[in-house]
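The values are calculated or read from the model by the stated rules, or taken from the named source; none is laboratory data. Remember, it's a predicted structure, so these values are computed and weren't measured experimentally. No Cβ is skipped: glycine too gets one built from the backbone with ideal geometry, and neighbour counts run over all protein chains shown. Accessible surface is based on the protein model in full, side chains and every heavy atom, while ligands, DNA and RNA are left aside. Shrake-Rupley method; radii C 1.70, N 1.55, O 1.52, S 1.80 Å.
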Amino acid sequence: MRLLLLTFILLPFFGHAQTRFTLSGYVKDGANGEALIGANIYVRSLATGTTTNVYGFYSLTVEPGEYEIVFSYIGYSAQSKTLNLNESIRLDLELQPEGRQLEEVVVSSEKELQGVKSLQMSVNRLDINTILRIPAFLGEADVIKSLQQLPGVSTVGEGASGFNVRGGSVGQNLILLDEATVYNSSHLLGFFSVFNPDAVKDTRLYKGAVPAQYGGRIASLLDVRMKEGNNKTLAVNGGIGTIFSRASVEGPIANSQGSFIVAGRRSYADILARPFVDILNEGAALNFYDLTGKVNYNLNKQNRIFLSGYTGRDKFFFDKNQGFSWGNNTGTLRWNKIFNDRLFANFSTVFSKYDYSLQFGENERDNFRWKSSVQNLTFRPAFSYFINTNNEVSFGAEANYYWFEPANAYGTSNGSRIDISLPRKYNLETALYAGNNQKLSQRVAVEYGIRFSHFVGLGSGVQYDYNDTTAGTRRTPVAERTYSRNQRMATYQNLEPRLAFKAELNDVSSVKASYTRMAQYVHLISNTTASNPLDVWTPSTNNIKPETGNQYAVGWFRDFGKDRTYEFSAEAYYRSTQNQIDYIDGADLLINQYLEGDLLSGIGRAYGLELYLQKKSGRFTGWIAYTLARTELKVNGINNNQWYATRYDQTHNVKVSGFYDLNKRWSASANFTFVSGTPATFPTSRYVIQGILIPYNAEGGRNNVRLPAYHRLDIAFRLEGKTVKANGKARKNSDYWVFGVYNVYARKNPFSIYFTQGDERVAQGSPLNSEARQLAIIGTFIPSVSYNFKF
């Protein structure tokens, strides 16, 4: 089987002995020098072409001759070049942005990305201009909140960190910022993401059909690429909002041989409230900040280096001694190397860290301190070989070294310290991959590849064996083994094949299908209603098997209307998973040496239908997204060993987004969201012991009821600044205002429902009263205003 797959991948390398020449180079933005990702290069006479990669590089190999070649990118003026290819040519090109047009609101449906002509399916790309126009909480544009307006993407409610994709949990999404893993993507307990829109160039979400070069999670991939910086002129961007302000500076270096960008944000609610709230003057804090930076430099035409990084932190302190904080740190060093006009390579060295701390206690003699972190160091060589216009081969490798610190913790009582820390864990994950994007004919294309992943747990450490007991109850250790430094403790490996297929039925419609198998060796341990900053990341061990997932998807894509103004797509998917993690009732997940004894393993399934209709041009643009889905688990010891819905299962999910240009300066936008209620576990009976009411689930059901449906309307109005001064001269600077209302009709959407005993005294012998209480994170409308500028 392996030999057959290898032969299939290498087959395009053979049989091309005839003379051919190559046109290659970079396509960039003429206004700022940024590389354009996914720009089209089209050969008219051959009715074929290619697109630029994530660094703006392209390579096109054809037989000798004269060709008219068109370079295009949405929102930019196309350029046509007539070239006589009697030798290989290097052509770097800049496309000029078109003037501001009414049809600039576009979601991922550019024909070269996800429409009828593209091979890709189950991929969403949000243009940064669209992100800036979507109504947002407190008027602040947000990458992840914008993605939640698309089909197949959801969250369990306001204040929930992360997002869910096609039935996957928050921890099953691989989130990359310039190739660096982001373990927690949220600020302020989920209300904002860590991605500063001023520093983001491209955002792409793979819900399926994930290319072979990516692995490590079984639900989705969110690939966020940072801007490289303006290499034409110095530019400053920023904004002043209701809750935080932001600013970025970018410009050229070394006579435009390189460029840089630095962007920062800081919330200031605690600063503004300090004169009026005493505890803020006593060490209390409620804020977040982040700083993003990137620099690049052209060594020569064949070599370019990039260095980018991110640091951010949230602080939530009740006073100087009590509270918690969390944050991410990443760094990426990349080297682009053009070996020849067909072989492009990138070598990346990446560092990622997520850590949090919790502390309470009034003084140094009586307190508690807990710190935890997960870190990884990655080396990733990646190669692209452009054989001809019909074949683009990718191959490479990846090595990830992890170290986990579950708990560096101690408690102090009356001056006596007790250390309850847990030992570090060390792991090495490696992978090899190869794939080919192949056009079989003018209308048929296929992308196939394979990834081989290998994972090993390393000492030093202790490994436990647990007893066999009644399913669903806590297991206790019965034996342990001690391992020395770098000794192998557990080893796993997986083959992960990938396949995607496209057949155009005619010029305006196509059918697509894909299969993706992925393995996940690190796991997010959380049994709360929503993921929170104190959740634990842990690696696979002898007791925690790698999670694996197989996803099958089919879709129909259709453009219609004058100038293909409308796009419709329907995708159905089915995903099966193995070794899914769930928890016994009352599981102890924090600072637990025997955590694995509280974990259960089972199988999962998720299936659904995603419908998407978008109007792409005109004064009114927008989309309607509907998802019909089901997500279930089956774990021995839970729900009487029967299938049960996950906490993030949502049967119906409707998202409507609209944008309307009222005139040259005013525009309006609105979002409407309707989501079926998520499952929850309610008691079915109760005990009364010494006058205390104790709810009890007598039937052993898990997620046996659903909360009420969630729905919300948001609106926003944008006022562009004047483009002409009073003297008639054009302004060099630009600015705009955003006025918005979140949750317009003040819906109190339930985040959770819990049960309490009544407060009133009850006469002896009378039954105790209990009541259900609904928690709504946001229970009213929230107006906002923000001012944004660029000069």
Task: the range 282-324 - percent of accessible surface contributed by carbon and sulfur, probe 1.4 Å - done: 61
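Given +1 on the Cβ of Lys and Arg, -1 on the Cβ of Asp and Glu, and no further charges, what dipole in debye does the range 341-411 carry about its Cα centre, rounded to the nearest 20?
Approximately 100 debye in magnitude.
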Open item on the list: Between (1) 44, 32, 27; (2) 45, 32, 24; (3) 41, 38, 24, which entry matches semi-axes √(5λ) of the Cα gyration tensor in Å as derived from the coordinates of this structure?
Closed with: (1)
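Using +1 on the beta carbon of Lys and Arg, -1 on that of Asp and Glu, and nothing else charged, what's the dipole of the chain about the Cα centre, debye to 20? Before the final figure, lay out the partial values.
On the way: 83 positive and 69 negative charges, 245 e Å.
That gives the chain a dipole magnitude of about 1180 debye.
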Task: the chain - mean residue ellipticity at 222 nm from DSSP helices (-39,500 (n - 2.57) per run, n ≥ 4, rounded to 500) - done: -500 deg cm²/dmol
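From the cross-link list 545/655; 201/634; 28/207; 207/722, which pairs have alpha carbons spaced over 30 Å apart? Walk me through the intermediate numbers first.
Numbers: 545/655 36 Å; 201/634 41 Å; 28/207 28 Å; 207/722 41 Å.
Cα-Cα > 30 Å for 545/655; 201/634; 207/722; rest within.
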Open item on the list: List the aspartates and glutamates whose Cα sits under 12 Å from the Cα of residue 145, skipping any in the same chain fewer than 8 residues away.
Closed with: 158
Task: Accessible area per residue, Å², the chain with all protein chains present, probe 1.4 Å - done: 42
- [ ] Round to the nearest 0.05 the FRET efficiency obtained for residue 412 and residue 592 when R0 = 22 Å and r is the Cβ-Cβ distance.
- [x] 0.60
Open item on the list: Among 161, 182, 148, which residue has its Cα furthest toward the positive end of the charge dipole of the range 110-224, with +1 on Lys/Arg Cβ and -1 on Asp/Glu Cβ?
Closed with: 148
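Counting only protein heavy atoms and a 1.4 Å probe, tell me what percentage of the range 488-636's accessible area is made up of carbon and sulfur. List each step's numbers first, then the result.
Details: 3210 of 5670 Å².
Carbon and sulfur: 57 percent of the exposed surface of the range 488-636.
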Task: Of 650, 625, 455, farthest towards positive along the dipole that unit charges on Lys, Arg, Asp, Glu beta carbons give the chain - done: 625
Open item on the list: Students often forget the sequence filter, so: which aspartates and glutamates lie under 19 Å Cα-Cα from residue 729 once same-chain residues fewer than 8 apart are removed?
Closed with: 720
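Could you look at the range 110-224 and say what percent of its accessible area is carbon and sulfur, using a 1.4 Å probe and all protein chains?
On the way: 920 of 1750 Å².
Here carbon and sulfur together make up 52 percent of the probe-accessible area.
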- [ ] Can you tell me how much longer the chain between residue 45 and residue 681 gets when fully stretched, taken as 0.36 nm per residue apart minus their C-alpha distance, in nm with one decimal?
- [x] 222.7 nm
Open item on the list: Need the C-alpha centroid separation for the range 421-465 versus the range 671-736, integer Å.
Closed with: 35
- [ ] Please report, in debye to the nearest 20, how large the charge dipole of the range 110-224 is about its Cα centre when each Lys and Arg carries +1 at its beta carbon and each Asp and Glu carries -1 there.
- [x] 400
Task: Peptide ranges 399-405, 494-500 listed from the most packed, as the mean C-beta count within 10 angstrom indicates - done: 494-500, 399-405
Task: Extreme residue, positive dipole direction of the range 521-590, given options 544, 527, 583 (C-beta unit charges) - done: 544
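Cross-chain or 8 or more residues apart, Cα under 16 Å: how many lysine pairs in the range 276-434 fit that? Count them up, please. Could you put the intermediate results ahead of the total?
On the way: 301/337; 315/371; 353/371; 353/425; 371/425.
Lysine pairs meeting both conditions in the range 276-434 amount to 5.
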Task: Relative contact order (%) - criterion: Cα under 8 Å, at least six apart; region: the chain - done: 10
